[in-house]
Amino acid sequence: MDSLLTDIDHVAIAVHDIDAAIAWYANTFGALVVHREDVVSDGISEALIKVGESYVQLLTPTREDSTVAAFLDRRGEGLHHVGYRVADCASALAMLKASGARVIDEVPRPGSRATTIAFVHPKTSFGTLIELVQESSDMLPTHQ
Ligand code: CO
């Protein structure tokens, strides 16, 4: 069958000081932020840095009870999750569930940039928190 994963949408990195991390990517790689957003429901602030057709997503908590705050306490800064682009988040999630994967989101929900997303638990994906990302039709990469 064809792969459900059409691209790497983003690699998410949890940081304590998002402004310092943004400056480091700019000064070190000349890689610039193309999108900033606070996702209030998740208690995070994100900065997207474009790398080809994908992004590095810098994440920092905005609340003590954010899961990213807990991650930083437990694991320190570093790789938090990988976002894979899929054509249809709902059908990809259904196939994962049917295959026995443990999911965090039972149904797709809104993500940043008007995407539709669902998280898959690292327990059944070899230790990696995975986010399925369906781009909104007006934000598809220009080459598609
Ligand atoms: Co993400």
Burial-style ranking of 130-137, 71-78, average other-beta-carbon count within 10 Å with highest first, yields 130-137, 71-78
Full-stretch length increase - R109, R36 - with 0.36 nm per residue and alpha-carbon distance subtracted: 24.3 nm
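Order the peptides 20-33, 81-94, 101-114, 39-52 from the highest to the lowest mean number of other Cβ atoms within 10 Å of their residues.
Numbers: 20-33: 13.1, 81-94: 19.1, 101-114: 14.9, 39-52: 16.6.
Ranking, from highest mean packing down: 81-94, 39-52, 101-114, 20-33.
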Dipole of the chain, Cα-centred, from +1 at each Lys and Arg C-beta and -1 at each Asp and Glu C-beta, to the nearest 20 debye? 340
Between segment 1-23 and segment 61-90, how many Å separate their Cα centres? 10
Surrounding charge for G43, neighbours by C-beta under 11 angstrom, Lys/Arg +1, Asp/Glu -1, total -3
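Every number in this text was worked out from the coordinates using simple rules, so none of it is lab data. Note that the coordinates shown come from a computational prediction; the quantities given were computed from them, not determined experimentally. Neighbour counts run over all protein chains shown; Cβ positions are idealised from the backbone, glycine included.
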